[in-house]
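The values are calculated or read from the model by the stated rules, or taken from the named source; none is laboratory data. Bear in mind that the values here come from a model prediction, so they are computed numbers and not experimental data. Positions of Cβ are generated from backbone atoms using ideal geometry, with glycine treated the same way; all protein chains shown enter the neighbour counts.
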């Protein structure tokens, strides 16, 4: 079991070492543009295997996520967090900003499939990745809506249409102004007990916590930390 965990975690580590460029991530990873359909399916199969391992984790409250990391002895990232948070919260509506290849999207939709409920709305403005969301596309189309554009233009309108959401993931531009904008927009529509996930929390994450005084907040330490805010 542990060898499988380490193998899959190392695989995710290689995939996520450089999310901001299209360069060959490692000697063993092929650039997305050159992937064949068979290779793309291999990515999906590896993630599905990872999720089966995560299914064995028992979470009584979200703070337990911090305790899981040492057991995996590998890479913990937004894919890991989105899957477990979605399984625990069982959202009806979740919104994410930032898609790229679609690893967090695939994780969220996989958990929704196991929950037998939920719809994910994703906003992305493609720059580096022209084939946005290729990973989940074709498998989860019924429960997924991809909106192309910048969050400053698309997020308020989307949230107004949805009314109330259960989860929100920030994984778009990680600069202060944009992060605070997204947090504040999501917070207005987030239900009591709902969750904000923040990939790579910075000062904006901690300043927002001071401002809204949520019921709980914490970070999951890793090479790229993940932040959690519970309303």
Quick one: residue 73 ticks every box in (1) modelled with pLDDT of 60 or more; (2) closer than 21 Å to residue 222 by Cα; (3) in contact with a helix residue (DSSP H, G or I) (Cβ under 9 Å, 6 or more places away or on another chain) except a single one, so which number is it? (1)
Evaluate region 92-108: report whether one residue or more is assigned to a loop (DSSP other than H, G, I, E, B), more than 14 Å from the chain's Cα centre (by Cα) and modelled with pLDDT of 95 or more. yes
Could you tell me which numbered condition residue 146 fails, if it satisfies all but one of (1) over 21 Å from residue 79 (Cβ atoms); (2) modelled with pLDDT of 95 or more; (3) out of contact with any helix residue (DSSP H, G or I) (no Cβ under 6 Å at 6 or more places or on another chain)? (1)
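Of all the residues that make up region 220-231, how many are at pLDDT 95 or above and not in a loop (DSSP other than H, G, I, E, B)?
The total comes to 4.
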Restricting region 200-216 to residues that are surrounded by fewer than 22 Cβ atoms within 10 Å (Cβ to Cβ) and under 17 Å from the mean Cα position of the chain (by Cα), which is farthest from residue 66 (Cα to Cα)? 202
Return the total of residues in region 179-199 being surrounded by fewer than 16 Cβ atoms within 10 Å (Cβ to Cβ) and closer than 21 Å to residue 66 by Cβ. 1
Enumeration of residues in region 97-112 that are in contact (Cβ under 8 Å) with a residue 60 or more places away in the chain and over 17 Å from residue 170 (Cα atoms): 110, 111
Based on what the data block shows, is residue 59 surrounded by fewer than 16 Cβ atoms within 10 Å (Cβ to Cβ) and in contact with a helix residue (DSSP H, G or I) (Cβ under 6 Å, 6 or more places away or on another chain)? yes
